[in-house]
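J.: Have a look at the structure that comes next, please.
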Amino acid sequence: MATILIVDDRPSNRAYLMALLGFTEHRLLEAEDGAAALSLVRAERPDLIITDILMPTMDGYEFVQRLRADRALAATRVIFYSAVYAERETIAMARSCGVHTVLSKPSDPQDIMAAVDTELGLSSAAAPRDAPAAARSDPRDNQFPHAPDLPTLDSRLGTRLAGLEAMCLHLVNERQVDGLVDVFLEAAAGILDADQLALCLLENDERTVSHLNARGLDPALLLPYATGTRLPGALLLATDPMRLGEGDPLLGTLPPGLPRCASFLGLPVRCLRNLYGWLYLVRAPSAAPFSAEDERWASVLAAHLAVAYENLNLYGVVQRHAAQLQLEATARAQSDAALRESEHRLGLSRQVFDSTQESIMMTDASANIVAVNPAFEQITGWREAEVIGLNPRVLRSGRHDACFYSAMWDGLERDGQWRGEIWNRRKNGEVYPERTSISAVRDAEGKLTAYVSVSTDLSALKAAHNQLDFLSNHDALTLLPNRSLFHDRLQQSIAAARRDGSQLALLLVNVDRLSRINDSLGHAAGDALLREVALRAGAVAASTDTVARLSGDEFVLLTSCEDTEDIILKAQRLIEAIAQPHSVGGHDVVVTGSIGISVFPRDGILPGDLLRAADAALAHQKDAGRNGFRFFKGEMNDQAMRWLALETRLRRAIGQAELALHFQPQVAREGGRVLGMEALLRWHSSELGRVSPADFIPLAEDTGLILPIGDWVIRQACLQNKAWQDAGLPCVPVAVNVSAHQFKAGTVPSVVRAALLESGLDACWLEVELTESVMMGDTTAAEAQLAELRAMGVSLSLDDFGTGYSSLGYLSRFSLDKLKIDQAFVRNITTDPRSAAIAQATIALAEGLSLKVVAEGVETLAQRDFLGKIGCEVLQGYLYSMPLPAREMEALLLAGRVIV
């Protein structure tokens, strides 16, 4: 049994398919549009969807497109069942969204069943009793069980379907309610074998009875009870069909005087939005009672009646509108007659036609030119005799695509006129703009007779506007973009750089000591020099760069760049170009340029920020002696602001319980037994979310917060390890990273002693990890603290061995218990001979000094096996486990080992 979803905005169509497929064992769902269907698909995951195409809210095509876009739903099978489009268009639409089966409305029931079975991969119809046999086809898959072979459509179902089709055809052609009711009652009595039946239709207010008729019953007996709480009026309140058998108490509410009722079937006549009335049928005691199948058929009949009755009401509205339109057409004809009586005005119209300065062109109904005025000849260069009989496309410029002209003709056909700007071509090939108004001319009968266009040449106006626009956005002296246009381009470049993650460089250039040229040779010479500088800057700039003049002696070059070297090269080329001699007024003049540089996004993300940064850099360069370039140094200020904000939040994190310890196990290579664990600090800020240790640990060290944080870490690690031991979990040491700042403060032994005392943890289950930076400071103080820790019984390990100075003197001077091979060597140990050699040497060195070795960052089996071959037996890394919260680490300790 499969689940089938039927999607159609017409209740009658849904009811028809529900009735037809209701004879199968399939589970059926229904929806009235694509939006409702999409929600239902996500909730119910049907095996097959049968959908109409043209529907409100969301049509079938958009519905299937969204279905295919959802990876979880993309494989759902779909059948298009529609009568809106031509067959070729429907098939093309179906193929474009992966639909293989298309059925046209109406389709033979056999074809519908065959299509359903084909999509479900069934070799025969899975339906009892009256169900039609599906068309045979090769199944595409076998996810549904095969049903036993059944005979083809039996005569009773065929008769009912034929009766339904005949009824629908008659209902469509009926224009009177009485005829509609008679056709329906006659068809319903035959299809449902009813001895008596009655139908009530309501007015639009859904309360007043409009028509009531019956077969085998006296309608007058029913009229007083057509509405109300007794049958049959109670059917108006029902949401589902009501099927009652003889002796049912509800039958006692039927009006008195009616014939004996052995089987009763009643239901409201409605659609999703409106209630139209009720229908009920009765069978005599000698007949078989109504079945569930009869109930489905009654629902189908009522749905078709609801659509027909609604259409009939709409037909009345249309008739009234048609009468109104006819009156309007009559008035228009009278107006046309009055216009025809004014033929004496045609002479005056001709004079206007010939003397106007606007280009006028007239065509016949086939759009062939029949007349033009002298202004047309003057503007286009075509004489009237040359264009008579031609299509106006002779003026096409090629600047507009087919969609433009299609929209123009659509407007003419829909509105009778079109207005807009268009580019046309003169006879000499020159393209020019004009404002055009085209009107369709119709005769008294409304028949199209001609088109008239009136056009104004906009060439001079456009040229003036373009010149004005250019001058408003460009420097009049150098013709370079001015500050306003440069600001716009800078904003666009910043937006593009944000999208693709690239860098921009803004080079602010000042022509050094231009005032000397103005004072000695005059401002004309200074202007000539500026024009030459603009030309040289443009020659240095790439095609995608922007060069602009911001003020008297100040230019700017905006360029994209990959690294600092690109910027330096362009700045040097610009300085060299400006420094070449200039010939001004018969004099060879040499000037220099100073450049200030800012970089997006490093020095700012807003245009104003970048300009201010470049201006500051330029000022520093001028102070340093001119004729050079300088980058803006804003990194320290930006970093300080960011660290200040992060520091404030980090101080609050200590008191707001935002810090937590995660634990990563250290595992025996053979057998995976957990031998120890490393406590790692994590910060989950309520404002910033998860903050990387790479960000907040250096900040904590720089601000001194590492001391209270480090003390908290040691205390929490001891308390947690002791809690696990008290809970009966295996005893393993916990390693804690201690910063060089903590050793520099000299408080590590006292903090460790206090933590061990408070927690009750034995010192042998605590391991202090230190880095080589501890040994780079006051070695005497560090050595004393390490000796004190060893005296307590705390283990000492050297973390990240091999990444710093790695002086062998440290190993002999400081009493250590363990070396940890840094993950930088482990990561490439199987591919980089140097990393492998360093790891192997570290292990050999540790063995010679009787130190234990732990390899960090083990992520692959190949790394594990290689480390085993060179003698490393304790491993740590994501291959075994990522750092875990305490609750998850507790489960790992309970297991005792990690299996890879």
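J.: Determine the per residue accessible area of the range 489-558 with all protein chains present and a 1.4 angstrom probe, expressed in square angstrom.
T.: Per-residue accessible area for the range 489-558 comes out at 45 Å².
J.: Something else now. Taking every DSSP beta bridge that has both residues in the chain, what percent is antiparallel when rounded to the nearest 5?
T.: Restricted to the chain, the bridges split so that about 70 percent are antiparallel.
J.: Turning to a different aspect of this structure: Which aspartates and glutamates have a Cα lying under 18 Å from the Cα of Lys744, excluding residues fewer than 8 positions away in the same chain?
T.: Lys744 reaches Glu701, Asp702, Asp711, Glu769, Glu772, Asp778, Glu783, Glu788, Asp799.
J.: Using only Cα atoms, tell me the angle between helix 748-759 and the longest principal axis of the chain; keep it within 0 to 90° and round to the nearest 10.
T.: Rounded to the nearest ten degrees, it is 50.
J.: Tally up the carbon and sulfur contribution to the accessible surface of the chain as a whole percent, 1.4 Å probe, everything protein left in place.
T.: Exposed carbon and sulfur together represent 52 percent of the surface.
J.: Return the distance in nm (one decimal) between the two label points of a simple spin-label model at Leu448 and Ser355, each offset 7 Å from Cα along Cα→Cβ.
T.: Distance between the two pseudo-spin positions: 3.4 nm.
J.: Which whole-number percent is the relative contact order of the chain (Cα, under 8 Å, 6+ apart)? Could the numbers behind the result be given before it?
T.: On the way: 1510 pairs, mean separation 44.0, N = 900.
This gives 5 percent for the chain.
J.: Distance in nm between label sites at Ala331 and Asp364, each 7 Å beyond Cα in the beta-carbon direction?
T.: Distance between label points: 3.5 nm.
J.: Where in the range 488-518 does the amide nitrogen come within less than 20 Å of the point 7 Å from the Cα of Ala542, taken along Cα to Cβ?
T.: The answer is 489-509.
J.: Give me the accessible area per residue for the range 593-710, probe 1.4 Å, as a whole number in Å².
T.: Normalised by residue count, the accessible surface of the range 593-710 is 48 Å².
J.: Which of the aspartates and glutamates could be linked to Lys427 by a straight reach, that is with a Cα gap under 17 Å, when you skip same-chain ones fewer than 8 residues away?
T.: Result set, ordered by chain and number: Glu377, Glu384, Glu386, Asp457.
J.: Taking the Cα atoms only, what angle lies between the long axis of helix 523-540 and the longest principal axis of the chain, rounded to 10 degrees?
T.: For 523-540 against the chain, the angle is about 80 degrees.
J.: Between Met1 and Ala727, what FRET efficiency comes out of the Förster formula 1/(1 + (r/R0)^6) with R0 = 60 Å and r the beta carbon distance, rounded to 0.05? The partial results should precede the final answer.
T.: Values: r = 52 Å, r/R0 = 0.87.
The pair Ala727/Met1 has a calculated efficiency of 0.70.
J.: Please work out how much length the chain gains when fully extended from Val172 to Met792, using 0.36 nm per residue of separation minus the C-alpha to C-alpha distance, in nm with one decimal.
T.: Full extension from Val172 to Met792 adds 213.2 nm.
J.: Between the helical axis of 87-96 and the dominant principal axis of the chain, each derived from Cα atoms, what acute angle in degrees is found, rounded to the nearest 10?
T.: The two axes meet at around 20 degrees.
J.: Working out 0.36 nm times the residue gap between Arg682 and Thr592, then minus their Cα-Cα distance, what length gain in nm do you get to one decimal?
T.: 26.9 nm
J.: Hey, can you rank 387-393, 197-203 by average C-beta count inside 10 Å, highest first?
T.: So the peptides 387-393, 197-203, ranked by packing, come out 197-203, 387-393.
J.: Also, quick follow-up: Peptides 101-107, 70-76, 401-407: what's the order by average Cβ count within 10 Å, highest mean first?
T.: 101-107, 70-76, 401-407
J.: Tell me what the chain gives for mean residue ellipticity at 222 nm when only DSSP H runs of n ≥ 4 count, each as -39,500 (n - 2.57), the sum divided by the residue total, rounded to 500 deg cm²/dmol.
T.: -14500 deg cm²/dmol
J.: Along the Cα→Cβ direction, 7 angstrom out, place labels at Arg690 and Ser520. What is the inter-label distance in nm?
T.: That separation, rounded to one decimal, is 6.7 nm.
J.: How large is the dipole of the chain about the Cα centre if only Lys and Arg carry +1 and Asp and Glu carry -1, each at its Cβ, rounded to the nearest 20 debye?
T.: With Lys and Arg at +1 and Asp and Glu at -1, about 960 debye.
The values are calculated or read from the model by the stated rules, or taken from the named source; none is laboratory data. As the structure is a computational prediction, the values presented were derived from the model and not from experiment. Using ideal geometry, Cβ is built from the backbone for each residue, glycine included, and neighbour counts are taken over all protein chains shown. All accessible areas refer to the heavy atoms of the entire protein, side chains included, with ligands and DNA or RNA removed. Shrake-Rupley method; radii C 1.70, N 1.55, O 1.52, S 1.80 Å.
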